[in-house]
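Below is one structure, written out as structure tokens; the observations come after it.
The values are calculated or read from the model by the stated rules, or taken from the named source; none is laboratory data. Computed from a prediction, not measured in an experiment: that's the story for all the values here. Keep in mind that these areas ignore ligands, DNA and RNA; they rest on the heavy atoms of the full protein, side chains included. Shrake-Rupley method; radii C 1.70, N 1.55, O 1.52, S 1.80 Å.
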Amino acid sequence: QVQLVESGGGLVQPGGSLRLSCAASGVILRPNTMAWHRQAPGKERELVASLATGGSADYAESVKGRFTISRDNAKNTMYLQMNSLNPEDTAVYYCNFKSAAWQRDFWGQGTLVTVSS
């Protein structure tokens, strides 16, 4: 199994920046895909960004040019650098892990990002 621990959420003013982290532990098999999802109040959970092992990043159109996903394979940690934040980015952000070796997805507990003046 895989365990995911998220950190970095908090309160930030519009135009500000935050960096989220997701530390994975357990049986980290490759190839795999790690991703960030978010769920805003009253809305469905949506994919924000994903990054496959050895692959390029994919982003939701709403965050292109503002967010950057990366991963440190030596530390089994994924990051989401968020710049130029706006109130519409307010949501609980979740870390996700997928691998063909498992019959289920793994999720973190979520970390709240609030963008407000």
Which of Ala23, Ala74, Ala35 ends up with the largest GNM mean-square fluctuation for the chain, with Cα atoms connected below 10 Å? Ala74
Using only the Cα atoms of segment 53-113, each taken as one equal point scatterer with no solvent, compute I(q) by the Debye sum, divide by I(0), and report log10 of the ratio at q = 0.13, 0.27 Å⁻¹. -0.43, -1.40
Rounded to whole Å², per residue accessible area for segment 1-78 with a 1.4 Å probe reads 56
Highest-MSF residue in the chain out of Gln13, Gln39, Gln103 [GNM, Cα springs under 10 Å]: Gln103
Extension gain (nm, one decimal) between Thr53 and Gln1, 0.36 nm per residue minus Cα-Cα: 16.9 nm
Determine the relative contact order of the chain: mean sequence separation of Cα pairs under 8 Å and six or more apart, normalised by residue count, in whole percent. 37
Carbon and sulfur: what percent of the chain's accessible surface (1.4 Å probe)? 49
Measuring from the lowest to the highest alpha carbon on each principal axis, how far does segment 1-45 reach, largest first, in angstroms? 38, 22, 16
Most fluctuating residue given options Gly42, Gly54, Gly16, as computed from a GNM of the chain linking Cα atoms under 10 Å: Gly42
Gyration tensor on Cα atoms of segment 18-85, a ≥ b ≥ c root eigenvalues, a/c under 1.5 rounded, else prolate if a/b beats b/c, else oblate, says prolate
Can I get the semi-axes of the chain's equivalent ellipsoid? Compute them from the C-alpha gyration tensor as square roots of 5 times the eigenvalues, in angstrom, largest first. 24, 14, 13
